[in-house]
Amino acid sequence: SKQIRIGIAGYGNLGRGVEAAIAKNPDMTLVGIFTRRAPADLVPLGPRTSVYAMGALAEHQQAIDVLILCGGSKDDLPAQGPQLAAMFNTVDSFDTHARIPEYFAAVDEPARANGKTALISIGWDPGMFSINRLYGEALLPDGVTYTFWGKGLSQGHSDAVRRVPGVKAGVQYTLPSPEAIERVRSGARPELSTREKHTRECFVVLAEGADAATVEQAIVGMPNYFTDYDTTVNFISEDELRRDHQRMPHGGFVIRSGNTSEPHAQVIEYSLQLESNPEFTASVLVAYARAAYRLNQQGQIGAKTAFDVAPGLLSPKSPEQLRAELL
Ligand SMILES: NC(=O)C1=CN([C@@H]2O[C@H](COP(=O)(O)OP(=O)(O)OC[C@H]3O[C@@H](n4cnc5c(N)ncnc54)[C@H](OP(=O)(O)O)[C@@H]3O)[C@@H](O)[C@H]2O)C=CC1
Ligand SMILES: N[C@@H](C[C@H]1CC(C(=O)O)=NO1)C(=O)O
């Protein structure tokens with residue numbers, strides 16, 4: 001059967017994860033990596049992986065079936081998403097939750113105008129956790145839903161920290177409140193504010209001549225990322241960052257507690273334990289790239305979210321095989 005030809009736009013943690021994930025999917029072929037940096041500056045995982053300048057995308061439109069956008073949600077995807085959805089079928093992991101409706105609209109228009117399919121906000125949150133929040137509400141209408149993340153490294157928040165003027169490098173960890181989790185698991189169905197559920201801890205390497213207090217304020221006061229949380233900023237050296245903060249574990253769970261009738265409490269839970277946040281997210285993006293290709297073949301164009309994609313489209317198995325093996 002036909003190989004699905006994939007391009008990677010943007011080569012950071014996520015881009016590298018997509019390169020690794022493609023090797024695990026025999027129906028996929030990597031056409032190349034497209035970067036805003038000088039291609040010669042990149043050291044891809046695969047020695048034979050082609051690296052091109054982002055500007056070379058235009059001449060690869062016929063060579064790529066699906067372009068996976070691996071830019072940062074804070075500053076890259078708001079520009080790259082709409083621009084590239086006009087040229088390619090795309091999949092991205094846009095995760096600035098408050099801005100997803102406006103991003104959807106900004107991508108939908110160029111995608112539709114050019115007969116392209118654009119799957120946005122794919123990953124685990126937003127993405128797999130979103131789907132499980134939907135299942136919880138739809139299957140147990142009378143109930144409450146909670147989402148907890150970590151302790152782990154948030155790539156979206158780490159990307160946002162790195163974009164602050166005066167930050168040379170940095171990471172952000174998300175810490176769930178043990179008390180909040182305890183109250184939820186006790187079945188008490190507590191009212192919990194955003195601030196009561198998680199705290200955020202940043203480790204930052206200051207750029208030469210930057211002012212620590214100014215950088216700290218820019219982080220803790222950042223709308224959509226940090227303002228709703230108690231956030232700490234620790235300033236460390238480049239050596240400490242390299243020594244103590246190279247790993248990117250994460251995870252969490254979505255739990256729905258509901259009643260189908262007064263005496264019967266029902267609980268749904270979906271959880272993730274990730275040694276590598278970027279590699280798992282990339283693996284989700286690659287499975288959804290398969291769906292994006294098929295949806296476009298079916299004439300399903302425009303922007304879509306994980307809510308709009310039938311699960312069978314993610315699988316390399318045919319519907320007949322799925323019915324025989326997984327139903
Ligand atoms: N929905 C979800 O569940 C998840 C979503 N995400 C999203 O994925 C986004 C990307 O995360 P991540 O890959 O960790 O971000 P990175 O900071 O690693 O990369 C972002 C972009 O920065 C550029 N870049 C990367 N490394 C360097 C470097 N050394 N010097 C200069 N530029 C560099 C790359 O663009 P270029 O090659 O063009 O220079 C890259 O596309 C996050 O912002 C987050 O929003 C992540 C995890 C889960
Ligand atoms: N989008 C997140 C994935 C999860 C992790 C997270 C958080 O720690 O706030 N929110 O959603 C990421 O970029 O890692």
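Where a number appears in this text, it was derived from the coordinates with a stated rule and is not lab data. Worth saying up front: this structure is predicted, and the values here are computed from it rather than measured. We place every Cβ from the backbone using ideal geometry, glycine too, and count neighbours over all the protein chains shown.
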**Request:** Treating only the Cβ atoms of Lys and Arg (+1) and Asp and Glu (-1) as charged, compute the dipole magnitude of the chain about its Cα centre; round to the nearest 20 debye.
**Result:** 840
**Request:** Calculate, in whole percent, how much of the Cα-Cα pair population of the chain lies beyond 25 Å.
**Result:** 54
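If the chain between K2 and Y52 were fully stretched, how many nm would it gain, using 0.36 nm times the residue separation less the Cα-Cα distance?
Values: separation 50, 0.36 × 50 = 18.00 nm, distance 2.42 nm.
Roughly 15.6 nm would be gained on extension.
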**Request:** Among DSSP beta bridges lying fully in the stretch 49-192, give the percent that are antiparallel, nearest 5.
**Result:** 35
**Asked** By per-residue mean of other Cβ atoms within 10 Å, what is the highest-first order of 241-251, 145-155?
**Response** 145-155, 241-251
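Roughly what % antiparallel, to the nearest 5, for the DSSP beta bridges in the chain? List each step's numbers first, then the result.
Details: 30 of 58 bridges.
The antiparallel fraction comes to roughly 50 percent.
What does the charge add up to near Y11, with Lys and Arg as +1, Asp and Glu as -1, over the other residues with Cβ less than 11 Å from its Cβ?
Neighbour charge sum, excluding Y11 itself: +1.
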**Peptide ranges 214-220, 100-106, 197-203 listed from the most packed, as the mean C-beta count within 10 angstrom indicates** = 197-203, 214-220, 100-106
**Message:** Sort 229-235, 253-259 by packing, meaning the average of other beta carbons within 10 Å per residue, with the highest value first.
**Reply:** 253-259, 229-235
**Complete:** Out of V284, V205, V107, a Gaussian network model of the chain with alpha-carbon springs under 10 Å gives the largest mean-square fluctuation to V205
**Complete:** Sequence order, the stretch 162-167: Karplus ³J(HN,Hα) from phi using 6.51 cos²θ - 1.76 cosθ + 1.60, θ = phi - 60°, Hz rounded, Gly and Pro as x, gives 5, 8, 6, x, x, 9
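Could you compute the FRET efficiency for E59 and A213, with r as their C-beta to C-beta distance and R0 at 41 Å, rounded to 0.05?
On the way: r = 48 Å, r/R0 = 1.16.
Efficiency, from the Cβ-Cβ distance: 0.30.
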**Fill in**
Working note, the stretch 90-186: Cα radius of gyration (Å, one decimal) and Dmax (Å, whole number) are 17.0, 51
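Note the per residue figure in Å³ for the convex hull of the C-alpha positions in the stretch 29-92.
On the way: hull volume 6.1 nm³, N = 64.
So the per-residue hull volume is 96 Å³.
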**Fill in**
Once the mean of 1/r over all distinct C-alpha pairs in the stretch 113-170 is inverted, the Kirkwood radius in Å reads 14.6
**Request:** Starting from the Cα of E179, move 7 Å in the Cα-to-Cβ direction to define the label point; list residues of the stretch 216-233 whose amide nitrogen is under 14 Å from there.
**Result:** 230
**Request:** With N set to the residue count of the stretch 203-327, report its C-alpha Rg divided by 2.2 N^0.38 Å to two decimal places.
**Result:** 1.60
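Here are some pairs, K2/K116; K24/K317; K2/K24; K24/K168; K151/K197; which of them have Cα atoms lying more than 23 Å apart in this structure? Mind showing how you got there, number by number?
Details: K2/K116 19 Å; K24/K317 15 Å; K2/K24 16 Å; K24/K168 34 Å; K151/K197 12 Å.
Cα-Cα > 23 Å for K24/K168; rest within.
According to the Cα gyration tensor, what semi-axes, each the square root of 5 times an eigenvalue, does the equivalent ellipsoid of the stretch 16-127 have, listed from largest to smallest in whole Å? Walk me through the intermediate numbers first.
Values: eigenvalues 105, 50, 40 Å².
Gyration-tensor ellipsoid for the stretch 16-127: 23, 16, 14 Å.
In whole Å, what three semi-axes, largest first, describe the equivalent ellipsoid of the stretch 140-245 built from its Cα gyration tensor (square root of 5 times each eigenvalue)?
Values: eigenvalues 198, 38, 21 Å².
Each semi-axis is √(5λ); the values are 31, 14, 10 Å.
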